[in-house]
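Asks: Could you have a look at this structure, given as structure tokens, before my questions?
The values are calculated or read from the model by the stated rules, or taken from the named source; none is laboratory data. If you're wondering where the values come from, they're calculated on a predicted model, not measured in any experiment. When we count neighbours, we look across all protein chains shown, and the Cβ atoms used for this are built from the backbone with ideal geometry, even at glycine. Calculation scope for accessible area: heavy atoms of the full protein, side chains included, ligands and nucleic acids excluded. Shrake-Rupley method; radii C 1.70, N 1.55, O 1.52, S 1.80 Å.
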Amino acid sequence: MSLLLARLEWKRQFAQPLAWVLLAVLLALLAYFFLLSLDAYLRLMPKLAGTPSAPGVTDLIALPLLRACASVLLLVAPLIGMRTIASERQAGTFALLAASGMGDGAIVRGKWLGVVALLAVFIALALALPLSLEVGTALDLGRLAAAALGLLLFAAALAAIAVAASAYTEQPIVAAVVALASNLILWMADAGARYEGMESGFINYLALPTHLEPFLHGLVASVDVIYFLLLIGVALTLAARRLGVARRHA
Amino acid sequence: MASIPLLQLQHVSRTLAGRRVVDDVNFVLDRGHVLGLLGVNGAGKSTTLRMIAGVLAPSAGVLRFDGTDLADTPEATRCGLGYLPERAPLYPELRVEEYLVFCAKLHGLRGRAARIATDAALTRCGLGDVRRRLLGNLSKGYQQRAGIAAAIVHAPALIVLDEPASGLDPLQSSELRTLIRELGREHAVILSTHQLSDVAACCDRVAILHAGRLRHDAPLAPAHATLHVRVERSPDPAAWSALAPVADARADGAGWSVTLKPDASAADLSAAIVARGWGLLELRAEADDLERTFLRIASAAEARAA
């Protein structure tokens, strides 16, 4: 049932202009960023050639690009996810799902999967930019794979937050603002602590970059995977609970 | 052993924002019956139907579907239920056919079965010509039909329709009544409306809700038992009684109030009048029991409130 709903969500996203416009504009921006870093790398190359164990293309082009992609996801996930449940309740179509008896958990999972699929397309397209360099040079594909996995988990967590925000309101724009605020709080949670030199406190554990960075350095650690899975689990559970409460007390 | 009713509401209440919208409602519905749920705006009809459909949970009381409590029955039971809310739940970006296939799958049909069910629903609701059109581009009437098609596509045992005739033109309303009568033969149907004529035309039982309480629940008296007739050349009462379909006739202002024999129809009466050459000017159903009951309940409540 969740897959059925995810397919519908996917179809509806691409039937509306928002997803297309977002993908086009953001890819254009990332492509520009990519060309700038490629140009900078080409200028720097003669100097690097003489340095032992100098950073390569993966370090200087691919990873900065994926880091930029992560920042963009902070903004895109709320925009893609804001309508999932809020607009269905606003338009009255939610009754169709609620009356089908598929269960609040399945509804939330279906919506989330639909958003994740769309964000995965965005990540895949962003990855295609550095991968195109494979034609002329050797990339560290293992590191890129780890980074892609990290970005996907990161996007899945942001999608879950967006769907949860969407379950708490009937106004998509309010959902987007709440999701964006939550994303930014989680993104910057340990900024102050880091400034004070704290690197491994609980506050660092809460912050998103703490767990995304290791992936970008090619490190897949279970603690980071678990962090993202926990975030997804908590957000989706909250969303499903909210739908149950609405059924009983709205 | 007494058979289990398809739908049973026991002391069902619902509070919305501190106001008791539905108050201790009880009724039972069996297969093969069409129940008309009447009430003025704000009487609690939609809330009752939303609880039956599972969109809202009751604040108190139990709803049983086929003997099991709706609150704790999973998908399997709900597949036996089709629901058209007040506003048809349509996705404007989908094509009619796509949407109905989705609805069929949502209720557990798979692959070929979903296709066949969709084709049947398209034909039944007269949507064949627009099957490839986007729902958002359809006229209100067609959108409403698509909503009805979505409620019946999985052939549910119980069909719940919340004001299905809203936005339909007279021709479409008449087609809808025919469809509901047809559905009522195989399924149980609950139809909410504030059009008395809809109830008279397609229901065999009527329940009247007022201010959240069930004030009336009874089988519908046969329609058109009493007719209002105007003729050019007025005969005397004895001449009326001589007509085969007539049980009783009384002078009634400008015309006659004619009660038919149980097996006679309005068509028989008009044929008899024409055969006598009395010059038939007007023949219509009198404001029937249903209307009187409805107005009595609504106005009694208003008088109490005043």
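Asks: Looking at (1) at pLDDT below 80; (2) open to solvent by 70 Å² or more (accessible area, probe 1.4 Å); (3) farther than 26 Å from B:Ala200 by Cα, which is the only condition B:Arg284 fails?
Replies: Every listed condition holds for B:Arg284 apart from (3).
Asks: Still on this structure, I have one more. I need every pair where a residue in the stretch B:104-123 that is in contact (Cβ under 8 Å) with a residue 60 or more places away in the chain has its Cβ under 8 Å from the Cβ of a residue that is surrounded by fewer than 21 Cβ atoms within 10 Å (Cβ to Cβ), sequence separation at least 6 or different chains.
Replies: Pairs found: none.
Asks: Hand me the list of helices (runs of 4 or more DSSP H) wholly inside the stretch A:11-106 holding 1 or more residues that are away from chain B (no Cβ under 13 Å), touching a residue at least 24 places away in the same chain (Cβ under 8 Å) and of a type outside the set (Phe, Trp, Tyr). I'd like the intermediate steps shown before the answer.
Replies: Working: elements: A:17-49, A:63-81, A:86-91, A:94-99.
Where helices (runs of 4 or more DSSP H) fall fully within the stretch A:11-106 and carry at least 1 residues being away from chain B (no Cβ under 13 Å), touching a residue at least 24 places away in the same chain (Cβ under 8 Å) and of a type outside the set (Phe, Trp, Tyr), they are A:17-49, A:63-81, A:86-91.
Asks: Out of curiosity, is B:Glu291 open to solvent by less than 80 Å² (accessible area, probe 1.4 Å), at pLDDT 75 or above and outside any helix (DSSP H, G or I)? Outline the logic, then answer.
Replies: Numbers: open to solvent by less than 80 Å² (accessible area, probe 1.4 Å): yes; at pLDDT 75 or above: yes; outside any helix (DSSP H, G or I): no.
Spelling it out, it is not the case that B:Glu291 is open to solvent by less than 80 Å² (accessible area, probe 1.4 Å), at pLDDT 75 or above and outside any helix (DSSP H, G or I).
Asks: Determine whether the stretch A:30-52 contains at least one residue that is within 17 Å of the chain's Cα centre (by Cα) and either open to solvent by less than 10 Å² (accessible area, probe 1.4 Å) or more than 30 Å from B:Leu56 (Cβ to Cβ) (or both). If you could, list the steps in order and put the result at the bottom.
Replies: Taking the stretch A:30-52 first, the residues within 17 Å of the chain's Cα centre (by Cα) are A:30.
From what's left, either open to solvent by less than 10 Å² (accessible area, probe 1.4 Å) or more than 30 Å from B:Leu56 (Cβ to Cβ) (or both): A:30.
For the stretch A:30-52, residues within 17 Å of the chain's Cα centre (by Cα) and either open to solvent by less than 10 Å² (accessible area, probe 1.4 Å) or more than 30 Å from B:Leu56 (Cβ to Cβ) (or both): present.
Asks: Shifting gears a bit: Would a scan of the stretch B:90-98 turn up a residue that is without any contact (Cβ under 8 Å) to a residue 40 or more places away in the chain, of a type outside the set (Lys, Arg) and assigned by TED's automatic domain parsing to the domain that holds B:Pro164? So that I can check it myself, show each step before the final result.
Replies: Restricting attention to the stretch B:90-98, the residues satisfying the condition of being without any contact (Cβ under 8 Å) to a residue 40 or more places away in the chain are B:97-98.
Subsequent filtering for residues that are of a type outside the set (Lys, Arg) retains B:97-98.
With the extra rule that they be assigned by TED's automatic domain parsing to the domain that holds B:Pro164, the set shrinks to B:97-98.
Taking every residue of the stretch B:90-98 in turn, at least one turns out to be without any contact (Cβ under 8 Å) to a residue 40 or more places away in the chain, of a type outside the set (Lys, Arg) and assigned by TED's automatic domain parsing to the domain that holds B:Pro164.
Asks: Kindly indicate whether any position in the stretch B:234-256 is assigned to a strand (DSSP E or B), farther than 30 Å from B:Gly141 by Cβ, open to solvent by less than 30 Å² (accessible area, probe 1.4 Å) and in contact with a His (Cβ under 9 Å, 6 or more places away or on another chain). Let's see the steps before the verdict.
Replies: Initial filter on the stretch B:234-256 (assigned to a strand (DSSP E or B)): B:246-252, B:255-256.
Those left that are additionally farther than 30 Å from B:Gly141 by Cβ: B:246-252, B:255-256.
Subsequent filtering for residues that are open to solvent by less than 30 Å² (accessible area, probe 1.4 Å) retains B:246, B:249, B:255-256.
Right, trim to in contact with a His (Cβ under 9 Å, 6 or more places away or on another chain) and you get B:255-256.
So far as the stretch B:234-256 goes, yes, one or more of its residues are assigned to a strand (DSSP E or B), farther than 30 Å from B:Gly141 by Cβ, open to solvent by less than 30 Å² (accessible area, probe 1.4 Å) and in contact with a His (Cβ under 9 Å, 6 or more places away or on another chain).
Asks: Looking at A:Ala189, A:Ala207, A:Ala164, A:Ala193, can you tell me which residue is in contact (Cβ under 8 Å) with a residue 60 or more places away in the chain and among the aliphatic types (A, V, I, L, M)?
Replies: Values: A:Ala189 fails: in contact (Cβ under 8 Å) with a residue 60 or more places away in the chain; A:Ala207 fails: in contact (Cβ under 8 Å) with a residue 60 or more places away in the chain; A:Ala193 fails: in contact (Cβ under 8 Å) with a residue 60 or more places away in the chain.
Selected residue: A:Ala164, the only one of A:Ala189, A:Ala207, A:Ala164, A:Ala193 that is in contact (Cβ under 8 Å) with a residue 60 or more places away in the chain and among the aliphatic types (A, V, I, L, M).
Asks: Report yes if some residue within the stretch A:233-249 is modelled with pLDDT of 95 or more, among the polar types (S, T, N, Q) and not in a loop (DSSP other than H, G, I, E, B); otherwise report no.
Replies: Yes, the stretch A:233-249 contains at least one residue that is modelled with pLDDT of 95 or more, among the polar types (S, T, N, Q) and not in a loop (DSSP other than H, G, I, E, B).
Asks: Let me ask something additional. B:Ser3 is checked against (1) of a type in the set (Ser, Thr, Tyr); (2) closer than 22 Å to B:Leu214 by Cβ; (3) part of a loop (DSSP other than H, G, I, E, B) and fails just one. What number does that condition carry?
Replies: (2)
Asks: Of all residues in the stretch A:129-142, which are open to solvent by 50 Å² or more (accessible area, probe 1.4 Å), farther than 19 Å from A:Leu219 by Cβ and assigned to a helix (DSSP H, G or I)?
Replies: A:Leu131, A:Ser132, A:Glu134, A:Val135, listed by residue number.
Asks: Can you give me the ranges of the helices (runs of 4 or more DSSP H) entirely in the stretch A:146-218 with at least 3 residues that are open to solvent by less than 40 Å² (accessible area, probe 1.4 Å)?
Replies: Values: elements: A:172-188, A:191-195, A:202-206, A:208-216.
Those helices (runs of 4 or more DSSP H) span A:172-188, A:208-216.
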